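Nothing in this text is a laboratory measurement; each read-out follows from the coordinates by a stated rule. Source: prediction; values computed, not measured. All Cβ positions, glycine included, derive from the backbone under ideal geometry; neighbour counts span all protein chains shown.
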Amino acid sequence: MEKKDIDWGNIGFGYMNTDFRYVSYYRNGKWDEGAIVKDSDITLNECACVFQYAQTIFEGLKAYTTEDGHIVCFRPDLNAERMKDSAARLEMPQFPADRFVEAVKEVVRANEAYVPPHGSGATLYIRPYMMGINPVIGVKPAEEYMFRIFVTPVGPYFKGGAKPIVIKVSDYDRAAPHGTGHIKAGLNYAMSLYPIVKAHEEGFAENMYLDAATRTKVEETGGANFIFITKDNKLVTPKSDSILPSITRRSIMVVAEKYLGMQVEHREVHFDELSEFAECGLCGTAAVISPVGKINDHGKEICFPSGMEEMGPVTKKLYDTLTGIQMGEIEAPEGWIYRIS
Ligand SMILES: *Cc1c(COP(=O)(O)O)cnc(C)c1O
């Protein structure tokens, strides 16, 4: 397999058009058999439900080359299940989990020339998504849907190591109680654009969102869950019905307990207790873990003892263990690594 001539170490986190994508249509109450296609453009009616009422959901995962030269991806079954949950909440048909996993494998195999080599730091980002496509003007769910998966190579999230970031406590809310915060829907991101642009203008990397009802509890950022390390070496991660259940975070909880022998607490985290933690990080597929050095609460800083120079020692251990598992350097729990080729 001839790889594309790409400077793997120097690509950013952006979209690059690749050769193939997967598409399946839902019509007359059922999914068609699906196919790998070449066209990266989509033509839809102007009144498609996705354009008018944002009936769209997505997923994100990565494929990469292991030390021994296999292409694998990490826990795609959990992305498949989460996408089914997202679909149910937006009155969309569910794409079967086994077909989701097969489609991921097919589209990655078709684009094998774009899978970055081991050790480059780059990975192949996989983006499954689904949308309502028939014309809908009275508010109701679409009757026809398109499920697609495209892939795009992405560079190492952190060039030259993960430097701790500074985040701010947002005055905006990400998700309402009993709303859609727990599903991966485009609408949750549309409303986060204004606060993130403002935060960037003010020099912050991310927004920390608090619970909308009481503004006393920590939820998450626009696209990543929080982990905290206590001074006595426990992993604490916020629990709330309006947090998106990150697969990275759920995997870190297992790594902490089963690989590092740590105690793990998944519970409500009050904003007031943040100053007692030793380390803080953001977790998601893109960066795995981004260390947080400081949280700015309207000018008042919460500075974690791990500082602004490097990842805290426990966060680093979690990061190294999880990425070691992903890259095939450390033995993975049963069923975490799916071999594609
Ligand atoms: C996708 C996402 C995450 C991270 O989830 P992973 O499965 O770890 O990639 C966290 N928060 C939000 C809001 C997300 O959309």
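Computed over the chain with a Gaussian network model linking Cα atoms closer than 10 Å, the most mobile of Y172, Y125, Y319 is Y172. Spin-label model, V101 to E201: label points 7 Å out along the Cα-to-beta-carbon direction sit 4.6 nm apart. Only helical runs count toward this figure. For the chain, summing -39,500 (n - 2.57) over DSSP H runs of n ≥ 4 and dividing by all residues gives -6000 deg cm²/dmol at 222 nm.
Out of the DSSP beta bridges found with both residues in region 165-326, what percent are antiparallel (nearest 5)? Of the beta bridges lying entirely in region 165-326, close to 65 percent run antiparallel. Which of K231/K294; K184/K300; K239/K316; K231/K300 have a Cα-Cα distance over 26 Å? The pairs that break the limit, which is 26 Å between Cα atoms, are K184/K300.
Along the charge dipole of the chain, which of M16, G222, I133 sits closest to the positive end, that is, farthest toward it, with unit charges on the beta carbon of Lys, Arg, Asp and Glu (+1, +1, -1, -1)? Result: I133.
Within region 153-207, list the GluC sites (Glu not before Pro) lying in a DSSP loop whose Cβ has at most 15 other Cβ atoms in a 10 Å radius.
E202
Straightening the chain between K38 and H178 buys 46.4 nm, computed as 0.36 nm per residue apart minus the Cα-Cα spacing.
Using a simple spin-label model with pseudo-atoms 7 Å out from Cα toward Cβ, A54 and N134 lie 2.4 nm apart.
Placing a label point 7 Å from the Cα of V166 along the Cα-to-Cβ direction, none of the residues of region 268-284 has a backbone N under 11 Å of that point. Computed extension gain for M191 through Y25, at 0.36 nm per residue and net of the alpha carbon distance, reaches 57.0 nm. Of A176, F74, A87, which is farthest along the charge dipole of the chain in the positive direction, counting Lys and Arg as +1 and Asp and Glu as -1 at C-beta? Positive-most Cα among the choices belongs to A87. Karplus-derived 3J(HN,Hα) values for region 56-63, using 6.51 cos²θ - 1.76 cosθ + 1.60 with θ = phi - 60°, are 8, 9, 8, 9, x, 8, 10, 10 Hz; glycine and proline are entered as x. When the chain is treated as a GNM with alpha-carbon contacts under 10 Å, the residue of S275, S306, S240 showing the greatest mean-square fluctuation is S275. Label-to-label distance, E265 versus D241, with points set 7 angstrom from Cα along the beta-carbon direction: 2.3 nm. Computed FRET efficiency, Cβ-Cβ of A213 and E2, R0 56 Å: what is it to the nearest 0.05? Calculated value: 0.50.
For region 211-274, the list of GluC sites (Glu not before Pro) that fall in a loop by DSSP and count at most 15 other C-beta atoms within 10 angstrom reads E268. Among K84, K105, K300, the residue with the largest mean-square fluctuation in a Gaussian network model of the chain, with springs joining Cα atoms closer than 10 Å, is K300.
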